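Student: Below you will find the structure I want to go over with you.
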Amino acid sequence: MNIQRLALTLAVSASLLGLSACSPKTGDGTSTEAAYANETADEFIARVNRELTEAYPEITSSQWLASTYINSDSERISAKANERYLGMLSKYIAKAKTFPTDAKMTPETARALHLLKIGVTLPPPNDPKALAEMTGLATKLEGMYGSGKYCPNSKKPEDCLDIGAVSKILAEPTSTYEQQLNAWNGWHTIAMPMRKDYQRFAELSNQGAKDLGFGNTGELWRSGYDMNPADFQKESDRLWGQVEPLYKELQCYTKNKLVTKYGDKGQINGMIPAHLTGNLWQQDWGSLWPILEPYKGAGSLDINSVLQKQHDKVLNEKLAAAGGAATLSPLKFADISHEADLQQAKDMARLSESFYTGLGMPKLPESHWSNAQFIKPRDRDVVCHASAWDMNLQGDVRIKMCITPTEEDLTTLYHEYGHVYYYLAYNKLPILFQGGAHDGFHEAIGDTIVLSMTPEYMSSIGLIDKPAVSQEAVINGQMRMALAKVAFMPFGLMIDRWRWGVFDGSIKPDQYNKAWWDLKAKYQGVAPATARGEEHFDAGAKYHVPGNTPYTRYFLSHILQFQFYKALCDASGFKGPLYQCNFANNPEAGKRYWAMLSKGSSQPWQKTMKELTGKEEMDGSAVLEYFAPLQIWLKEQNQGQQCGWKAPE
Ligand code: X8Z
Ligand code: ZN
């Protein structure tokens, strides 16, 4: 299971364990503590597994409601459930620490005890008042993000823009520089009121981390990798060093294209203006395709318009069946549009499911199709940020998204189902082992499959015509992937560089925003077009900060997914350049993948990694192998051009 979800963050796992909780029959657990005074470590872990499994569905339900019906009632219930859970968890952890490391216990118990001590992302302070305040703030911050809207005119609430509307303006190739700047600035206003709450939240979380015996929350987060936290930090630097040269070539090429389009305004000291990448956080540059496409039309990859056409076809059929659009009231028309949106979203979800079943994995249970949230409801605020949930450890698996007919949402679906299939594969393990080998593994499962979404695969599912075969088409295909994967990498790293600094005190509250932009400059080479003083809280405009989800996992995933992909391609018998491999429908690859997923976190990740890839290390060389043709091409394009950037002092 997933402590992170239970700690009021994303519904995807990483570290396992989770909730605490006494069984419902034993009240708050305190009266039973004495009865368990003499239990052995093996007995203790067996009890924790039992009690957690029993209490689990209630806490996930409260969190599902808080994310899919944002209001003060669901917020209260979720905060309370979380408080109860964390209170019990801290008792379990305290007890776990009383067993000497040389006490007699099975290796499984030793592993479970270790996971129990390091697996919480929202560490509970011992002081009950501080704990209640922290869980209240956690729920509040996530709710603020979920219901956040940019309201250009305070007198006209009907004109407010939610994250979907703002993102659309940014991504639209026809939007002007000013429209994009306005939309970007507008979204960032939602985070300004979070600043004080976040500062207090970080203090309380640190108090909890210290109570658990860690220096601060960042150190706790870095302890989840079967290595010492200081070594983990070095390891992340090493991995970034491997891929940084590739990123720099892409940054330079992109910046120069922006200068071609916008003139002087297309760059800031060699950096990319933050509102011009088509993405609120500059983490995915796919929307810049019209200006970055290397060879116009070489291999049609316009999946957005195919999905939009499919959607329109569904809508038109439904409208015709209802007697034609002209005969319908606005209300009826809206109902039918909503039905069409839902049908198209489910069709996209079915496509994703079919990749997994094609590998020999089970079909999703019927309950999934009725319980999941596929599209944005019309009557309430929800957290649209995509997530995957295991509600009861017995098959009630769900995703929560606000799907639109876009390539980005299609690939996010494949990502989310990676989490869901991980849940299904490790459901048979004790709850304390129901987590990813480490959190980067959980994030990499679906993305490995996304790498297999080659033009050949896209054509096999009817999203593009016959794939073109030419060197130009190869470069276009590589660029399409690079705008999602390579552009992401420094972003994947910088968010927690910021949070680690906040937690260890090297970033002080009066420098929150400056430090944020310094890191964005250093790693991503992006800069804001207008001043972002300390009245802003730009970190809060990214879900995972108010949602308290550690982010280094995504950086690691962007390394791991290429390693997994290579291993599965080898297993499938593929011979040829890595970027051409598509292991869809290959039973051997499916068997190997499922075997890895079934291990959960029952053993150190290095062992799980070796079983799949033959190596115990994370390694960026598969990324470089995959993008070798593009890297050569980018170097040629950048020859003689101005590259590099000057980060602020
Ligand atoms: O948050 C997510 C997933 C859910 S785990 C949709 N991702 C990161 C993000 O959107 O910032 C996937 C890639 C990076
Ligand atoms: Zn994820």
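Student: Would you pick out the residues in segment 106-120 that are closer than 16 Å to Met88 by Cβ and not hydrophobic (A, V, I, L, M, F, W, C)?
Tutor: Within segment 106-120, Lys117, Gly119 meet the criteria.
Student: Counting only residues that are under 20 Å from Ile118 (Cβ atoms), crowded, with 22+ Cβ neighbours inside 10 Å and of a type outside the set (Ser, Thr, Tyr), how many does segment 586-617 have?
Tutor: Total satisfying the criteria: 3.
Student: A further question on this structure: For residues that are surrounded by 19 or more Cβ atoms within 10 Å (Cβ to Cβ) and small (Gly, Ala, Ser), tally how many sit in segment 516-533.
Tutor: Qualifying residue count for the region: 3.
Student: Tell me whether segment 485-503 contains one or more residues that are among the small types (Gly, Ala, Ser), over 23 Å from the mean Cα position of the chain (by Cα) and away from ligand 2 (no atom under 16 Å from the Cβ). Before the answer, list the steps.
Tutor: Here is the first cut: in segment 485-503, the residues among the small types (Gly, Ala, Ser) are 487, 492, 501.
Those left that are additionally over 23 Å from the mean Cα position of the chain (by Cα): none.
Within segment 485-503, not a single residue is among the small types (Gly, Ala, Ser), over 23 Å from the mean Cα position of the chain (by Cα) and away from ligand 2 (no atom under 16 Å from the Cβ).
Student: Could you grab me the full set of residues in segment 542-559 that are away from ligand 1 (no atom under 11 Å from the Cβ) and either within 17 Å of Thr412 (Cα to Cα) or among the β-branched types (Val, Ile, Thr) (or both)?
Tutor: Thr552, Ile559
Student: Which residue, of Ala349, Ala326, is part of a helix (DSSP H, G or I) and over 29 Å from Met458 (Cα atoms)?
Tutor: Numbers: Ala349 fails: over 29 Å from Met458 (Cα atoms).
Result: Ala326 is the single residue among Ala349, Ala326 that is part of a helix (DSSP H, G or I) and over 29 Å from Met458 (Cα atoms).
Student: What are the pairs, 6+ residues apart or on separate chains, where a residue within segment 470-493 that is under 29 Å from Thr552 (Cβ atoms) has its Cβ under 7 Å from a residue that is among the aromatic types (Phe, Trp, Tyr) and within 16 Å of ligand 2 (Cβ to nearest atom)?
Tutor: So the pair list comes out as Met489/Phe555; Phe491/Trp281; Gly492/Tyr551; Gly492/Tyr554; Gly492/Phe555; Leu493/Phe555.
Student: Closer than 21 Å to Ser460 by Cα, out of contact with any strand residue (DSSP E or B) (no Cβ under 6 Å at 6 or more places or on another chain) and either in contact (Cβ under 8 Å) with a residue 60 or more places away in the chain or of a type in the set (Asp, Glu) (or both): does that describe Leu413? Walk me through how you get there before you give the answer.
Tutor: Values: closer than 21 Å to Ser460 by Cα: yes; out of contact with any strand residue (DSSP E or B) (no Cβ under 6 Å at 6 or more places or on another chain): yes; either in contact (Cβ under 8 Å) with a residue 60 or more places away in the chain or of a type in the set (Asp, Glu) (or both): yes.
It is true that Leu413 is closer than 21 Å to Ser460 by Cα, out of contact with any strand residue (DSSP E or B) (no Cβ under 6 Å at 6 or more places or on another chain) and either in contact (Cβ under 8 Å) with a residue 60 or more places away in the chain or of a type in the set (Asp, Glu) (or both).
Student: Being farther than 26 Å from Val469 by Cα, in contact with a Cys (Cβ under 8 Å, 6 or more places away or on another chain), surrounded by fewer than 20 Cβ atoms within 10 Å (Cβ to Cβ) and of a type outside the set (A, V, I, L, M) is true for just one of Gly270, Gly324. Which residue is that?
Tutor: It is Gly270.
Student: Can you tell me which residues in segment 380-423 are of a type in the set (S, T, N, Q) and either within 10 Å of ligand 1 (Cβ to nearest atom) or in a helix (DSSP H, G or I) (or both)?
Tutor: First, pick out the residues of segment 380-423 that are of a type in the set (S, T, N, Q): 387, 392, 394, 404, 406, 411-412.
Residues satisfying the conditions are Ser387, Thr411, Thr412.
Student: Continuing with this model, one more query. Sort out which residues of segment 335-359 are free of Cβ contacts under 8 Å to residues at least 60 places away in the same chain, hydroxyl-bearing (Ser, Thr, Tyr) and either buried (at least 18 other Cβ atoms within 10 Å of the Cβ) or over 20 Å from Tyr593 (Cβ atoms) (or both), and write them in order of number.
Tutor: Once the filter is applied, which keeps residues that are free of Cβ contacts under 8 Å to residues at least 60 places away in the same chain, hydroxyl-bearing (Ser, Thr, Tyr) and either buried (at least 18 other Cβ atoms within 10 Å of the Cβ) or over 20 Å from Tyr593 (Cβ atoms) (or both), segment 335-359 yields only Ser337.
Student: Given Lys296, Lys318, which one is basic (Lys, Arg) and modelled with pLDDT under 95? Steps first, answer last, please.
Tutor: Working: Lys318 fails: modelled with pLDDT under 95.
After applying the criteria, what remains is Lys296.
Student: While we're on this one: So which of Leu413, Leu429, Leu451, Leu424 is more than 12 Å from ligand 2 (Cβ to nearest atom), touching a helix residue (DSSP H, G or I) at 6+ places or on another chain (Cβ under 6 Å) and at pLDDT 95 or above?
Tutor: On the way: Leu413 fails: more than 12 Å from ligand 2 (Cβ to nearest atom); Leu429 fails: touching a helix residue (DSSP H, G or I) at 6+ places or on another chain (Cβ under 6 Å); Leu424 fails: touching a helix residue (DSSP H, G or I) at 6+ places or on another chain (Cβ under 6 Å).
Criteria check complete, one pass: Leu451.
Student: Looking at (1) touching a Cys at 6+ places or on another chain (Cβ under 6 Å); (2) away from ligand 1 (no atom under 16 Å from the Cβ), which is the only condition Tyr356 fails?
Tutor: It fails just one condition, (1).
Student: On to the next question. Can you tell which of Pro330, Pro362, Pro377 is of a type outside the set (Phe, Trp, Tyr), out of contact with any Asp or Glu (no Cβ under 6 Å at 6 or more places or on another chain), surrounded by fewer than 14 Cβ atoms within 10 Å (Cβ to Cβ) and within 20 Å of Leu597 (Cβ to Cβ)? Give the derivation first.
Tutor: Working: Pro330 fails: within 20 Å of Leu597 (Cβ to Cβ); Pro377 fails: within 20 Å of Leu597 (Cβ to Cβ).
Going through Pro330, Pro362, Pro377 in turn, just one is of a type outside the set (Phe, Trp, Tyr), out of contact with any Asp or Glu (no Cβ under 6 Å at 6 or more places or on another chain), surrounded by fewer than 14 Cβ atoms within 10 Å (Cβ to Cβ) and within 20 Å of Leu597 (Cβ to Cβ): Pro362.
Student: Working carefully through the options Leu250, Leu246, Leu288, find the one that is buried (at least 20 other Cβ atoms within 10 Å of the Cβ), in a helix (DSSP H, G or I) and in contact with a Lys or Arg (Cβ under 8 Å, 6 or more places away or on another chain).
Tutor: Working: Leu250 fails: in contact with a Lys or Arg (Cβ under 8 Å, 6 or more places away or on another chain); Leu246 fails: in contact with a Lys or Arg (Cβ under 8 Å, 6 or more places away or on another chain).
When all the criteria are applied, what remains is Leu288.
Student: While we're here: When Ile461 is evaluated against the numbered criteria (1) buried (at least 18 other Cβ atoms within 10 Å of the Cβ); (2) away from ligand 1 (no atom under 16 Å from the Cβ), which criterion, by number, is the only one it fails?
Tutor: Answer for Ile461: the failing condition is (1).
Student: Please verify whether segment 253-267 includes one or more residues that are touching an Asp or Glu at 6+ places or on another chain (Cβ under 9 Å) and assigned to a helix (DSSP H, G or I). So that I can check it myself, show each step before the final result.
Tutor: Filtering segment 253-267 down to residues touching an Asp or Glu at 6+ places or on another chain (Cβ under 9 Å) leaves none.
No: zero hits.
Student: For Lys508, only one of the following conditions fails: (1) within 20 Å of Asp447 (Cβ to Cβ); (2) without any contact (Cβ under 8 Å) to a residue 40 or more places away in the chain. What is its number?
Tutor: Checking Lys508 against (1) within 20 Å of Asp447 (Cβ to Cβ); (2) without any contact (Cβ under 8 Å) to a residue 40 or more places away in the chain, the one that fails is (1).
Student: Among (1) more than 22 Å from the chain's Cα centre (by Cα); (2) surrounded by 15 or more Cβ atoms within 10 Å (Cβ to Cβ); (3) of a type in the set (Gly, Ala, Ser); (4) farther than 30 Å from Tyr523 by Cβ, there is one condition Ala372 misses while meeting the rest; what is its number?
Tutor: Every condition holds for Ala372 apart from (1).
Student: Still on this structure, I have one more. Consider Leu141 carefully, then state whether it is surrounded by 24 or more Cβ atoms within 10 Å (Cβ to Cβ), at pLDDT 95 or above, within 21 Å of the chain's Cα centre (by Cα) and not basic (Lys, Arg). Step through it out loud before you land on a result.
Tutor: On the way: surrounded by 24 or more Cβ atoms within 10 Å (Cβ to Cβ): no; at pLDDT 95 or above: yes; within 21 Å of the chain's Cα centre (by Cα): yes; not basic (Lys, Arg): yes.
No, not satisfied.
Student: For segment 355-375, check the following and say yes or no: at least one residue is part of a helix (DSSP H, G or I), touching a Pro at 6+ places or on another chain (Cβ under 9 Å) and acidic (Asp, Glu).
Tutor: Within segment 355-375, none of the residues are part of a helix (DSSP H, G or I), touching a Pro at 6+ places or on another chain (Cβ under 9 Å) and acidic (Asp, Glu).
Student: Here's another thing I want to ask about it. Quick check: anything in segment 469-486 buried (at least 22 other Cβ atoms within 10 Å of the Cβ), part of a loop (DSSP other than H, G, I, E, B) and within 16 Å of ligand 1 (Cβ to nearest atom)?
Tutor: yes
Student: Can I ask one more? Give the number of residues within segment 527-580 that are more than 17 Å from the chain's Cα centre (by Cα) and assigned to a loop (DSSP other than H, G, I, E, B).
Tutor: 16
Student: List the residue pairs whose Cβ atoms are under 6 Å apart, where the first residue sits in segment 553-582 and is buried (at least 23 other Cβ atoms within 10 Å of the Cβ), the second is modelled with pLDDT under 95, and the two are 6 or more positions apart or on different chains.
Tutor: Arg553/Ala14
Student: Does Ser62 satisfy the criteria of being farther than 24 Å from Asn126 by Cβ, touching a helix residue (DSSP H, G or I) at 6+ places or on another chain (Cβ under 7 Å), small (Gly, Ala, Ser) and free of Cβ contacts under 8 Å to residues at least 40 places away in the same chain?
Tutor: Working: farther than 24 Å from Asn126 by Cβ: no; touching a helix residue (DSSP H, G or I) at 6+ places or on another chain (Cβ under 7 Å): yes; small (Gly, Ala, Ser): yes; free of Cβ contacts under 8 Å to residues at least 40 places away in the same chain: yes.
Judged against the criteria, Ser62 is not a match.
Student: Can I ask one more? Looking at Thr101, Thr109, Thr60, which is the one that is in contact with a Leu (Cβ under 8 Å, 6 or more places away or on another chain) and either among the β-branched types (Val, Ile, Thr) or outside any helix (DSSP H, G or I) (or both)?
Tutor: Details: Thr101 fails: in contact with a Leu (Cβ under 8 Å, 6 or more places away or on another chain); Thr109 fails: in contact with a Leu (Cβ under 8 Å, 6 or more places away or on another chain).
After ruling out the rest, the residue left standing is Thr60.
Student: Looking at this structure, is Leu331 out of contact with any helix residue (DSSP H, G or I) (no Cβ under 8 Å at 6 or more places or on another chain) and not basic (Lys, Arg)? Let's see the steps before the verdict.
Tutor: On the way: out of contact with any helix residue (DSSP H, G or I) (no Cβ under 8 Å at 6 or more places or on another chain): yes; not basic (Lys, Arg): yes.
It is true that Leu331 is out of contact with any helix residue (DSSP H, G or I) (no Cβ under 8 Å at 6 or more places or on another chain) and not basic (Lys, Arg).
The values are calculated or read from the model by the stated rules, or taken from the named source; none is laboratory data. Note that the structure is a prediction, hence the values are computed from the model and not measured. Because the Cβ atoms are built from the backbone with ideal geometry, glycine has one as well, and the counts that use them run over all protein chains shown.
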